[in-house]
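The values are calculated or read from the model by the stated rules, or taken from the named source; none is laboratory data. Note that the structure is a prediction, hence the values are computed from the model and not measured. Every residue, glycine as well, gets a Cβ built from its backbone with ideal geometry; the counts of neighbours run over all protein chains shown. Side chains are part of the model used for accessible areas, which takes the heavy atoms of the whole protein and leaves out ligands, DNA and RNA. Shrake-Rupley method; radii C 1.70, N 1.55, O 1.52, S 1.80 Å.
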Amino acid sequence: MGVLSMKKSEQLLELRRREMVETLKGYGIVNRRVLDAFLEVPRHLFFDAAALELAYNDGAYPIGFGQTISQPYTVAYMTTLLVERCFSGKVLEIGTGSGFQAAILDAMGYAVFTVERIAELYERAETLFSRLGLHIACRFGDGTLGWKDEAPFDGIMITAGSPKEPEPLLDQLSRNGCMVIPIGGSSSQQMTVISRSGNDLRKEVFQQFSFVPLVGKEGWNDSVF
Ligand code: SAM
């Protein structure tokens, strides 16, 4: 592709990114930090090169290994729940997937730690983070056990559907930390926020979503899927 047409396609992608942000506003996402992060992070870089034109549609998209990059609205919704309760600090994401959610959190100024259980996805995301110069710490393993050496975390976000809140993750929340986690059955889950205040835990429930399963020692059993 020539320099001019490359520039043109970059401009087109930027236009599509702005349209995506307008769509998010239409859904009621109004937090400025969240919207700015969506304007800043080029979602198409977290997409398969063959599907670039779909990168700014408001849909989930397959990333291989039976997993998906979440719908922009879902990412924006979860990020809003987090930022309204936890303005800054260390955030642990479970389920790196494409790396897009982690990049959004990074753009918002959090110190981001992320765990992925599928080796190929972990390696792909790690390579992409370093190519983009993003200082996101990522690790391969079972995220339901958290990241003990880096705990406590001000925020924990689980981007896969869980049957319950994993105990080790609750233990790794800071004294005023909060966790955003979809909890429910294998086909649909209710977005849940668990906020810690000292030794007390408060639970709030929000709308229904449908996530791929959180598979691990404190999540779904591998053999179920
Ligand atoms: N946050 C991702 C993004 O921005 O692309 C999308 C996440 S995708 C919906 C869910 C991810 O959670 C998948 O990549 C899956 O492999 C991962 N996952 C499921 N169980 C996990 C576990 N126990 N530990 C770490 N990752 C897990």
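Values as computed for the structure displayed
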read-out	value
Per residue accessible area of the chain, 1.4 Å probe, in Å²	48 Å²
Taking the chain and dividing mean pair separation by its residue count, relative contact order in percent (alpha carbons under 8 Å, at least six apart)	14 percent
Over the stretch 109-187, volume per residue of the alpha carbon convex hull, in Å³	105 Å³
Counting DSSP beta bridges with both ends in the chain, the antiparallel % (nearest 5)	45 percent
Centroid-to-centroid separation of the stretch 140-218 and the stretch 38-72 [C-alpha atoms, Å]	24 Å
Relative packing of peptides 110-120, 81-91 - highest average C-beta neighbours within 10 Å first	110-120, 81-91
Accessible surface of the chain [probe 1.4 Å, protein heavy atoms]: carbon and sulfur percent	53 percent
Pairs of alpha carbons in the chain whose separation is greater than 29 Å (percent)	22 percent
Solvent accessible area, Å² - V30, 1.4 Å probe, full protein context	120 Å²
Segments 42-54, 136-148 sorted - mean Cβ within 10 Å per residue, highest first	136-148, 42-54
